[in-house]
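Below is one structure, written out as structure tokens; comments come after it.
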Amino acid sequence: MSAAVRRLLPPALLTTVLLVAWEGYVRATAVSPTILPGPWRVLRASIDAREVLWYHARQTMLETAAGFVLAVVVAVICAAAIDFFLPARRALFPLLIVSQTVPIIAIAPLLVLWFGYGTLPKVLVVALVCFFPMVVAAAHGLASTEPDLTRLYRTFGASRWQRFVLVRVPVALPAFFTGAKIAITYSVIGAVFGEYVGASRGLGILLQTAKNSYRTDLVFAMIGVTAGLSLALYGLAVLLERLLIPWARTAGDHHAPESST
Amino acid sequence: MLESVTLTLERGGFIALAGPSGSGKSTLLNLIAGLEEPDAGAVRLNGNTARLGRSGFMPQRDLLHPWRDALGNATVALEVQGVAKREARRRAAVLFAEFGLAGFERARPHELSGGMRQRVALARTVLAGGDLILLDEPFGALDALTRAQMQDWLLDTWPRLNRAGLLVTHDVEEALLLADEVLVLSARPGRIVERLVSPFARPRGRGVTATPEFGRLKLHLLDALGAGEDRPGGPR
């Protein structure tokens with residue numbers, strides 16, 4: 001209990017100090033709320049607009065979830081192919097790297113052009129930004145299997161598939177989760193960006209209308225909602241990790257660096 | 001790497017293979033296990049050249065999986081062979097009782113001592129089946145005290161397992177203590193330069209190491225080992 005307090009107190013304190021400083025600055029300088037609204041105003045605007053926010057957030061969550069699941073499926077298939085066939089590794093890796101150098105700003109409008117204003121292009125943007133860290137992490141995790149383990153299983157008469165399922169996959173899981181946790185912090189932003197370039201519903205399009213009508217408080221409200229969603233998804237990934245691979249914690253806790261675009 | 005090496009192993013028998021590093025003793029184990037194929041000649045196990053999955057291989061490191069409990073680690077080979085999980089765990093539990101691991105079936109590897117981990121690894125090796133057990137410096141990674149305890153334990157347990165054993169070691173004393181026959185392999189190209197049939201009857205205890213006979217044979221084996229190695233200062 002006291003350990004939890006000691007861990008939570010510093011971030012809570014720092015956040016409070018920052019919020020108070022922000023509010024103090026806004027009040028002291030009487031800056032126009034269309035330029036910079038204070039946190040109190042943002043909170044009130046969020047509560048007032050909660051139904052609109054929730055309506056659009058649901059769409060963003062749906063796209064995020066669908067895109068992330070698609071990314072996991074594709075990443076697992078690619079990582080397995082890379083692990084099984086050397087030619088697949090040679091063929092896929094350059095493409096994977098190139099896929100990361102293409103700016104999402106260029107891709108997202110194209111996807112809208114090809115697939116319309118519906119859900120699909122957003123799902124694809126989310127999948128695109130999420131799948132790379134997961135493929136790399138999963139392929140790396142699979143390849144980190146010790147040769148001695150492979151030899152041991154060969155003496156058991158294990159087939160390649162058995163070695164993959166019984167050894168390589170469990171060995172790779174901690175690395176895969178690290179990649180998934182990095183990916184999940186990108187996912188919500190991917191969905192919002194996909195909506196921003198053209199959508200009928202979602203936090204991204206709400207963000208655009210709010211910005212265009214100088215509702216800066218709503219823009220901040222959406223930043224809050226987006227951050228909250230990302231954090232919740234990250235927490236979910238950590239929870240899943242603890243449930244599915246409890247052994248990884250005893251072998252040293254490694255946390256993925258939190259990052260955002 | 002290796003020149004004509006002829007070995008005959010019998011059920012219940014235990015042969016130790018001692019040699020300097022680089023003499024190819026691990027290569028020999030790999031050949032027998034089927035992990036490698038000889039450049040010339042043939043390796044047969046019960047008259048069969050297909051050897052993978054037909055002997056138990058025990059590596060130096062225990063290589064236990066952190067994601068399985070102790071019993072689950074012992075059953076992996078059985079699962080590979082298609083034995084139902086329930087039946088595999090039942091068989092492993094019998095062996096656990098015999099190996100002094102009762103009560104630790106559900107323990108995770110990191111909760112076990114080095115000696116216990118090694119015993120789980122041996123249980124896994126025994127359950128892998130086959131009449132032959134290949135031990136590749138199985139106690140090499142243990143501290144001196146645990147190593148002595150494991151040797152005593154193996155000396156006591158081995159006859160009950162009713163398998164043929166081939167132990168690779170660089171420790172002459174370990175070879176003499178555990179084996180019925182000690183073979184000394186020369187440096188590259190490895191060939192057998194000495195065969196010594198143990199005069200110590202079973203059941204045998206650590207007491208034999210204190211006899212003059214043991215000391216004499218140990219010196220003799222060390223000599224044979226030295227003859228297979230470049231002596232310091234000698235021609236290269």
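Every number in this text was worked out from the coordinates using simple rules, so none of it is lab data. Here the structure is a predicted model, which means the values were calculated and not measured. Neighbour counts run over all protein chains shown; Cβ positions are idealised from the backbone, glycine included.
Suppose R0 equals 60 Å. What FRET efficiency, 1/(1 + (r/R0)^6) with r the Cβ-Cβ distance, do B:A84 and A:W22 give to the nearest 0.05? Display every interim value, and only then the final one.
On the way: r = 63 Å, r/R0 = 1.05.
E between B:A84 and A:W22, to the nearest 0.05, is 0.40.
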Give me the distance between the Cα centres of segment B:1-78 and segment A:89-105, rounded to whole Å. 44 Å
Provide the gained length on full extension for the span A:T101 to A:A65, in nm with one decimal, where the gain is 0.36 nm per separating residue minus the Cα-Cα distance. 10.6 nm
Using 0.36 nm per residue, how much length does the chain from A:R44 to A:T209 gain when fully extended, once their Cα-Cα distance is taken away? 57.5 nm
Given H placed 1.01 Å from N in the peptide plane, which residues other than close sequence neighbours of B:F14 have an amide H under 5 Å from its amide H? B:G165, B:D180, B:E181
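For segment B:118-164, what does the alpha-carbon gyration tensor say about shape, rounded, prolate or oblate, given a ≥ b ≥ c as the root eigenvalues, a/c under 1.5 as rounded, and a/b over b/c as prolate? Please report the intermediate quantities before stating the final value.
Numbers: a/c = 2.26, a/b = 1.60, b/c = 1.41.
It comes out prolate by the Cα gyration axes.
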Please give the Cα centre distance for segment B:114-137 versus segment A:233-247, rounded to the nearest Å. 34 Å
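Given contacts defined as C-alpha pairs under 8 Å and at least six residues apart, what's the relative contact order of segment A:25-171, whole-number percent? Don't jump to the answer; show the numbers that get you there.
Details: 86 pairs, mean separation 39.6, N = 147.
With pairs under 8 Å counted, the relative contact order is 27 percent.
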Among B:G103, B:G24, B:G115, residue whose mean-square fluctuation peaks in a GNM of chain B (springs only between Cα atoms under 10 Å): B:G103
Rel. contact order, % - alpha carbon contacts under 8 angstrom, at least six apart, chain A: 25 percent
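Starting from the Cα gyration tensor of chain A, take the square roots of the eigenvalues, sort them a ≥ b ≥ c, and report rounded, prolate or oblate (rounded when a/c is under 1.5, otherwise prolate if a/b is larger than b/c, else oblate). Intermediate results must be reported in sequence, preceding the final value.
Details: a/c = 3.02, a/b = 1.63, b/c = 1.85.
Oblate shape, in that a/c is at least 1.5 and b/c is the bigger or equal ratio.
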Obtain the nm distance between the two label points defined at A:L14 and B:R195 by a simple spin-label model: each point lies 7 Å from its Cα along the Cα-to-C-beta direction. 7.3 nm
Cα point-scatterer Debye curve for chain B, base-10 log of I(q)/I(0) at q = 0.07, 0.08, 0.10, 0.11 Å⁻¹: -0.24, -0.31, -0.48, -0.58
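Which length gain, in nm to one decimal place, applies between B:L145 and B:H110 when the Cα-Cα distance is subtracted from 0.36 nm times their residue separation?
Values: separation 35, 0.36 × 35 = 12.60 nm, distance 1.96 nm.
That pair, B:L145 and B:H110, stretches by 10.6 nm at full extension.
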Pairwise FRET efficiency - A:L231 versus A:F84, Cβ, R0 = 35 Å, nearest 0.05: 0.45
Taking amide H positions as placed 1.01 Å from N in the peptide plane, with prolines and chain starts having none, which residues 5 or more places from B:G19, or on another chain, fall under 5 Å of its amide H? B:T169, B:L185
Segment A:113-261 - percent relative contact order, Cα under 8 Å, separation 6 or more: 29 percent
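What helices does chain A have that are whole DSSP H segments, at least 24 Å long along their own axis by Cα, and with mean Kyte-Doolittle hydropathy of 0.5 or more?
Details: long enough: A:2-29 (40 Å, 0.82); A:50-84 (49 Å, 1.14); A:120-143 (33 Å, 2.03); A:169-196 (39 Å, 1.25); A:216-244 (42 Å, 1.62).
The qualifying helices are A:2-29, A:50-84, A:120-143, A:169-196, A:216-244.
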Quick query: amide H of A:G157 versus all other amide H atoms, modeled in the peptide plane; which residues come in under 5 Å with a sequence gap of 5 or more or a different chain? B:G53
Gaussian network model of chain B, Cα within-10 Å springs - most flexible of B:P189, B:P20, B:P109: B:P189
